[in-house]
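Asks: Quick one: the structure is below, and I'll ask about it shortly.
The values are calculated or read from the model by the stated rules, or taken from the named source; none is laboratory data. The shown structure was predicted, so the numbers you read here are calculated from the model rather than taken from an experiment. Neighbour counts are summed over all protein chains in view; Cβ atoms, including those assigned to glycine, are modelled from backbone coordinates with ideal geometry.
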Amino acid sequence: MNRLSRPVTAGVAFLLSCTVLGAGGSALAAGKAGSGKAAAHSKSVGKAGSGKAAHKPVDKLAGARKGAAKSLAADVARLKRIAAAEAASTVLSAADKAALLTASTAALAALSADASAVASATSTKAIQAATQAGARTVQGADLQFKLVTAVARAENAATTLSADAGAVHEQAGTLQEAGTDVSTVTAPLADLATALELALTSTSSARARALAIPAAPSAVLLRASNAVARASLAEAALALATAAQDLADAKAALAALETPSEPEPEPEPEPAP
């Protein structure tokens, strides 16, 4: 090889080496780009996978909550029926209706609190406790309605007896002005007044016990309130029965005084001997 061909050969070799180096650089750049895309893809998949895994936890108490909510809804419906019956009653006084309406409003609030307790409960035991409390609330409202209605009936009976006794007393007064001894009438009427006073004291006690039942009563308190109120109503019933008998005795005595006595027959003359 002559001196002139050596530079040419060296130049070609230099160009070839540059080409090889350029290809290597491209390959290296492509490798880096590919690894970057793979890493990005891996991160993207990882994020998507973690998003799917972070789903809302399953409520293991869903079935118990649903059953409790249904039970409490039935309690609310029953309480509303009781309140409607109270408002439509022809036995209860306006004062009794107002007192029972206040009690029913408090009972509805208690049932709402029970429903909230069910929604936030963290155990089956807590859900059951809220459901049982709701049932007692409605039992208390029903007991109040029945007891106060029984009280109102007893007091209406006492009012009727008092009015009848007043009429008998007035008639006895007319006879007394005419000079007739009416003690046989006034004595049972006095007993009647005492019996009516006892009856009204007992009914007042029964009403107070009934209306004192709270919106969220315990089972023990419900039983005690029912027993005490029923005992007072039994005393009232006995006193009313006594008063009714006293009225009957007074009426019989008045009738006897008003009926003119028949003259005694004259004795027959003795036959001549």
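Asks: Please enumerate the residues belonging to the range 196-224 that are surrounded by fewer than 18 Cβ atoms within 10 Å (Cβ to Cβ), among the hydroxyl-bearing types (Ser, Thr, Tyr) and part of a helix (DSSP H, G or I).
Replies: Once the filter is applied, which keeps residues that are surrounded by fewer than 18 Cβ atoms within 10 Å (Cβ to Cβ), among the hydroxyl-bearing types (Ser, Thr, Tyr) and part of a helix (DSSP H, G or I), the range 196-224 yields Thr201, Ser204.
To keep it simple, each residue is scored yes or no on (1) closer than 30 Å to Ala62 by Cβ; (2) of a type in the set (Asp, Glu); (3) within 22 Å of the chain's Cα centre (by Cα).
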{"residue": "Ser112", "(1), (2), (3)": "yes, no, yes"}
{"residue": "Ala121", "(1), (2), (3)": "yes, no, yes"}
{"residue": "Lys125", "(1), (2), (3)": "yes, no, yes"}
{"residue": "Gln128", "(1), (2), (3)": "yes, no, yes"}
{"residue": "Thr131", "(1), (2), (3)": "yes, no, yes"}
{"residue": "Val148", "(1), (2), (3)": "no, no, yes"}
{"residue": "Ala167", "(1), (2), (3)": "no, no, no"}
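Asks: Sort out which residues of the range 230-250 are under 35 Å from the mean Cα position of the chain (by Cα) and among the charged types (D, E, K, R), and write them in order of number.
Replies: Hits for the range 230-250 are Arg230, Glu235.
Asks: Quick one: is Ala167 assigned to a helix (DSSP H, G or I) and without any contact (Cβ under 8 Å) to a residue 40 or more places away in the chain?
Replies: Yes.
Asks: Would you please name the residue that is farthest from Lys70 (Cα to Cα), looking only at residues in the range 84-110 that are among the polar types (S, T, N, Q) and under 16 Å from the mean Cα position of the chain (by Cα)?
Replies: The selected residue is Thr102.
Matching residues to (1) surrounded by 15 or more Cβ atoms within 10 Å (Cβ to Cβ); (2) touching a strand residue (DSSP E or B) at 6+ places or on another chain (Cβ under 9 Å); (3) in contact (Cβ under 8 Å) with a residue 60 or more places away in the chain:
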{"residue": "Ser123", "(1), (2), (3)": "no, no, yes"}
{"residue": "Ala126", "(1), (2), (3)": "yes, no, no"}
{"residue": "Gly134", "(1), (2), (3)": "yes, no, yes"}
{"residue": "Thr137", "(1), (2), (3)": "yes, no, yes"}
{"residue": "Gly140", "(1), (2), (3)": "yes, no, yes"}
{"residue": "Gln144", "(1), (2), (3)": "yes, no, yes"}
{"residue": "Ala150", "(1), (2), (3)": "yes, no, yes"}
{"residue": "Glu155", "(1), (2), (3)": "yes, no, no"}
{"residue": "Thr160", "(1), (2), (3)": "no, no, no"}
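Asks: Within the group Leu198, Leu257, Leu240, which residue is at pLDDT below 95, farther than 25 Å from Ala83 by Cβ and in contact with a helix residue (DSSP H, G or I) (Cβ under 6 Å, 6 or more places away or on another chain)? Spell out the reasoning first.
Replies: Numbers: Leu198 fails: at pLDDT below 95; Leu240 fails: at pLDDT below 95.
Of Leu198, Leu257, Leu240, the one residue that is at pLDDT below 95, farther than 25 Å from Ala83 by Cβ and in contact with a helix residue (DSSP H, G or I) (Cβ under 6 Å, 6 or more places away or on another chain) is Leu257.
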